[in-house]
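Notes to accompany the following structure.
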Amino acid sequence: MKKLSIYITVLLAASLTACNEDFNEGVASPQSYGQEEAAGKITFTATGVDPINLGDVEEESVAVAVFTAPAVEEEASLSYKMKLDNKVTLSVNSDGHVITKDLQDAVAQIYGIRPVERTMKAVLTAYVASGKTVYAAPAEEFELKVTPEAPVIESAYYINGSLTWEQDVAFGNTSGDPYANPVFITTVPAVITDKAGAQDAYFLIKSNSGKSLGAADADNDALEGNLVLSETAKPIKISGGDYKSVKISINMLEGTYKIEKITDAPYLWIPGNHQGWAPSQAPTLFNPEGNKAHWGMSELNGGFKFTAQPYWPDGSDDGGTDYGYDYFTTKEGMTNDGGNLSLPQGIYYMVVNLDDKYVSATEISSMDIIGTAAGGWESGKELTYDATEKCWTVNTEMTAGEFKLRVNSTWDSGISFGGTLDAPTPFSSDNIVMDASGNYTIKFYLNSRLVLIKE
């Protein structure tokens, strides 16, 4: 073979571009190279393959290109490399295959691991090694479409089981894109029915699509572990003890859970005619840290009381406290029902200040969402109440921006929820920040959990 006038040395080394997505931390970095010069007298062509879904690939290597090896002298050797989006370079074998893991890592390095199809510009280069010299012959650029393998992280997860009295309780998340933050968190009261303390409890995690996640082994009460996605997944156990609340975190990228037992319970329980007068299973009002009042929303229907613990007082010094009509000196709109507070059937936003002996209730007839993320601050988008799920809901387009949720769909109510996506509160002057545009089903629950399910 004649000597070629254009050549490059074999010393090709450069580092990858930095990853700008936190969930790629720890991903092995494929090699990256600087721009190559083409050898002028080697003819080399290559074409792409059909779109690749790495979630469906079980083999250790996968085809990324179709080509015929260029003609070279007998003593020369051939190798191939493919550059993706001019950022990452992978080794390609003579059959046009790359190592599957390397391709996965390359896509993750460029785009992150969200399992959506990525269209990349690919340039395959043949390298001819003759003696101590290596010549490069790049083929024409082609498109390579790859969907990375990754856990399918849904937009909403719920806890269910004896811990929540078989009721679905939503987890909170700080992002509209669960791939930007795959950690979901919820805090619920422990299972307490008397002053003896928290009882053993069990829970499963349900995804929005109905899948169940739990533990591999029954009666494993470890405070952290791996989640199992299976029809045979076992409920996760929380052993009883001297604690009052339970904080559960799940990382759906890593497939793990973590349980924290909390000695404090900043709640008031609302047993009454609306739920069978059972304090342990009653809705609660929440007391934010540093605030004198408890607040929350609840369905009510006639008589009710407040209890400072999830059981009725037993008459002893440490047997608990309840609060009825006679305890409060200020009772806005409420009547006396045999010593109980009473309100007509409806949904109410409530504020209770035990120090000032004050209680108020605002009936909620509607709820809307308003702000730049929901079309502007001029008019809101109405939500519909779902009595089964006990939430207000709407399906709508959202854009990156800010918003609030307004009680009775007006500022005149004086009650609007701001703060953060994972913890909306009526005491916050901050707007909730929406960080990902798209079509969402929005659910705002009576316990103030806000869930955004991206379509």
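The values are calculated or read from the model by the stated rules, or taken from the named source; none is laboratory data. Quantities reported herein were computed from a predicted structural model and do not represent experimental measurements. Here Cβ is always computed from backbone atoms with ideal geometry, including for glycine, and neighbour counts include all displayed protein chains. To get the accessible areas, we keep the full protein, side chains included, count just its heavy atoms, and leave off ligands, DNA and RNA. Shrake-Rupley method; radii C 1.70, N 1.55, O 1.52, S 1.80 Å.
Structure values in brief
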| item | result |
| --- | --- |
| Solvent-accessible area per residue, Å², over segment 310-455 with all protein chains present [probe radius 1.4 Å] | 45 Å² |
| Per residue accessible area of segment 118-273, 1.4 Å probe, in Å² | 43 Å² |
| Quotient of Cα Rg and 2.2 N^0.38 Å for the chain, N being how many residues it contains | 1.33 |
| Local electrostatic count at LEU452 - Lys and Arg +1, Asp and Glu -1, tallied over other residues with Cβ under 13 Å | -3 |
| Long-range amide H partners of ALA278 with built H, under 5 Å | GLY272 |
| Under 24 Å from the Cα of LYS195 - lysines, other chains or at least 8 residues apart | LYS237, LYS244, LYS247, LYS261, LYS305 |
| Amide H within-cut-off set for ASP194, under 5 Å, with H built and near neighbours excluded | none |
| Residues with amide H under 5 Å from that of GLU254, placed H, sequence gap 5 or more | none |
| Heavy-atom accessible surface of segment 276-402: percent carbon and sulfur, 1.4 Å | 45 percent |
| Cα gyration tensor category, rounded, prolate or oblate, for segment 325-428 with a/c compared to 1.5 | prolate |
| Cross-link reach list, aspartates and glutamates versus LYS206, counting only Cα pairs under 16 Å and skipping chain neighbours closer than eight places | GLU154, GLU166, ASP168, GLU231, GLU389 |
| Highest to lowest packing among 422-434, 179-191, scored as the average C-beta count within 10 Å | 179-191, 422-434 |
| Taking only Cα atoms of segment 103-262, radius of gyration then Dmax in Å | 23.1, 85 |
| Where trypsin sites (Lys or Arg not before Pro) fall in DSSP loop in segment 325-423, at most 15 other Cβ within 10 Å | LYS357 |
| Rg/Rh for segment 177-272, where both radii come from Cα atoms and Rh is the Kirkwood radius | 1.00 |
| Net charge dipole size for the chain [Lys, Arg +1 and Asp, Glu -1 on Cβ; Debye, nearest 20] | 640 debye |
| Violating pairs (Cα-Cα greater than 19 angstrom) within the set LYS390/LYS443; LYS87/LYS145; LYS331/LYS390; LYS381/LYS454; LYS87/LYS132; LYS121/LYS145 | LYS331/LYS390; LYS87/LYS132 |
| Mean Cβ count within 10 Å, highest first, over the residues of peptides 143-153, 222-232 | 143-153, 222-232 |
| Mean separation of Cα contacts under 8 Å, 6 or more apart, over the residue count of the chain: relative contact order % | 10 percent |
| Within-15-Å neighbourhood charge of ALA233 [Cβ basis; K, R +1; D, E -1] | +1 |
| FRET efficiency estimate (nearest 0.05) - Cβ-Cβ, GLU332 to ASP56, R0 35 angstrom | 0.05 |
| Extreme residue, positive dipole direction of segment 229-383, given options PHE304, ILE262, TYR358 (C-beta unit charges) | ILE262 |
